[in-house]
Amino acid sequence: MKPLRKAISIVFILVLTVLIISCAGRMNFRQGQEAIQKKEWDKAVDYFLKALSREPGNVEYRISLSSALLSASNEHLRRGTLLYEQNGLNPALGEFEKALEFNPENNDAGRKKLQVLKKIQALEKAQRKKTGLEKLKDKAELEEIPPTEINYIKKPLSLEFKGTDVQQIFNAIQKISGVDFIYDESFKSKKIALNLQNVSFPEALEKIMVQTNSFYKILDPNSIIIIPDTPAKRRDFEELVMKTFFLSNGDPEEIQKIVRELTGLKIISTNKSLNSLTVRGTPSEVKLAGKIIRVNDKPKGEVFIDIEIIEVNRGRASEYGIELSNYQVTEIYQPVGAAGAAESTASTIRVNMIPHTDSSDYLLTLPYINYKLLKFDSQSRIKAKPQLRVVDQEEVKVRLGDKVPIPTTSFVPYNTGGPAQQPITSYQLQDIGINISITPRLHHDGLITLKMKFELSFITSPGSGGIPPTIGNRSVETIIKLRDNETSILAGLLRDTERKSMRGFPLISSIPVLRDIFSGNKNEADQTDIILTLTPRIIRFPDIGKEDIGFIWAGTATRPGLKEPEPKLRLKEGEKDKTTGKRATETGTTSNTGKSDNNQKIEK
């Protein structure tokens, strides 16, 4: 009767416990529903999470939680949008991050967060006080190389030539402009047709350069030399400039390769100690190199990585049954004299005493009995939560553990040339624990790629004497792509060790039921699992502006350099476009000239 009452009491306690848990979960669920009616979405999510933790298999709780998460995310998105329109950038950024925490797939929140980050960076850049070197660099970018000026009579030219020698054309222009023309020794005159109607002196000069495949160079304020346009003559007559660019973020050797591949400049020198590049070339080539350097010398983005490491250890052991201290019986012969004392040592006898020996002279040592009934169950959890701020495409390493000395023995001879008999032991420190290496890559669409290597090492056998310890290892190397504020979970790195042992009598231990009672049984189980969560958050984007992604007019394949945009052909006012059928409203046409590349200025 008593065992039945005891069983009923246990069942009653279990049922009562389940009812209490269920009631607590139902209460949290009702509180979450009330929070939804009040549109308090954050509280609703909190209540549903508590309810689901009490009853993980409840589908109704899970569906309600998913709906509350979406609603909470949209609510924070709405608040952030209002704050952003009111120019509250930092509060808006916090709301957008909360929206992404509730729903990482909220693309609107992710896009607006990036907009806020870029605007905050722009304001910080505008408000930040520039250093003296930065001010000098900005001033140097605005400065132009002083050109060589030439004086000419500012009078429109209206001339027409048909099959006329070039030198005669220059003589005619010389009389009108007052500029002397000198010819290089390799310049060959030829006859050309030229129609100049109300054009300026620089425009007329450029048209002649195009037709004669020549270029000019200003020698002094009154003289110009005409030179054939060949690579050799360009090298002889073109003036070169040299400029040093001090980098703030980029690597000089990497930027040197970029500039050399894009411009063809061969004279580029780097200085690692000053983090600078020195370029020599024509003014337009150096300007183009400077533009490329400014575009590529940008600060990298930054990512905040929230890492959570949980190591769960569980050990179970049970011992039961009847076990003897020693599975053997020891017999000792020890005769006893008249006084009760032993007359000889154990297991020895005098020959004349053999007739007087009986059972009282023998001693038996029997094993004692151990009644085992033990159960052991332990759980432990080691938790680490490092938070890292990482520059884009730079590796960060986390080491959690100990450095264990591992002995290494080598043998050397006592004497030179003798046998290797002398042992020398040295120790090497090895990292034992958790090692994590992460390299983030920030994409412009808001995604983050994490190249991760996870390694867990542990000592499975401590070793003894000259035997080194045995080290176990579990490692994972992977590449994952996550959204901003999205969490990735890595689990299942389980190490499970199970040991069973039994000691008993040979015959009894073979019988299924009796061996559990009359034999010593020992069962041990150790489990270790590692759970790793990664949550990246974007805190800074690369400083890329609109001017960095536009077109750059870089000259021609044979003459690279920073140029003005190509002029567009436009219809004169009143003319009709054949393709669109519309009449032009703007007057004038433009042409592409500019044969000279000497940064010269023709001015009265």
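Every number in this text was worked out from the coordinates using simple rules, so none of it is lab data. All values reported here derive from a predicted model rather than from experimental measurement. Using ideal geometry, Cβ is built from the backbone for each residue, glycine included, and neighbour counts are taken over all protein chains shown.
With a point put 7 Å past each Cα toward its Cβ, work out how far SER223 is from GLN121 in nm, to one decimal.
Simple spin-label model gives 5.5 nm for this pair.
Beyond 18 Å, what percent of the Cα pairs of region 236-304 remain?
When every Cα pair of region 236-304 is considered, 35 percent fall beyond 18 Å.
I'd like the FRET efficiency for GLN167 and ILE552, computed as 1/(1 + (r/R0)^6) with the beta carbon distance as r and R0 of 51 Å, rounded to 0.05.
Efficiency, from the Cβ-Cβ distance: 0.85.
State, to one decimal in nm, how far the label point of GLU253 lies from the label point of SER360, with both points 7 Å from Cα in the Cβ direction.
10.0
Could you tell me the calculated FRET efficiency between ILE471 and ILE332, based on Cβ-Cβ distance and R0 = 45 angstrom, to the nearest 0.05?
The calculated FRET efficiency here is 0.40.
What does the extension gain come out to for TYR427 and ASN213, with contour length at 0.36 nm per residue minus their alpha carbon separation?
Contour length minus the Cα-Cα distance gives 69.3 nm.
Using 0.36 nm times the number of residues separating LEU82 and GLN33, minus their current alpha carbon distance, what extension gain do you get?
Between LEU82 and GLN33, full extension yields an extra 15.0 nm.
What are the residues whose amide H is under 5 Å from the amide H of LYS298, where those residues sit 5 or more places off or on another chain and H is modelled from the backbone?
Residues meeting the amide H criterion: GLY250.
So between HIS444 and LEU89, what do we pick up on full extension, going 0.36 nm a residue minus the alpha carbon distance?
Contour length minus the Cα-Cα distance gives 125.8 nm.
Describe numerically, in nm with one decimal, the distance between label points set 7 Å from Cα along Cα→Cβ at VAL391 and at ASP180.
5.9
Measure up LYS118/LYS385; LYS155/LYS207; LYS300/LYS385; LYS191/LYS563; LYS118/LYS563; LYS300/LYS403 against 23 Å on the Cα-Cα distance and list the ones that go over.
Pairs exceeding the cut-off: LYS118/LYS385; LYS300/LYS385; LYS191/LYS563; LYS118/LYS563; LYS300/LYS403.
Can you figure out the FRET efficiency of ARG62 with ILE539, using R₀ = 35 Å and their beta-carbon distance, to the nearest 0.05?
So, using R0 = 35 Å, E works out to roughly 0.60.
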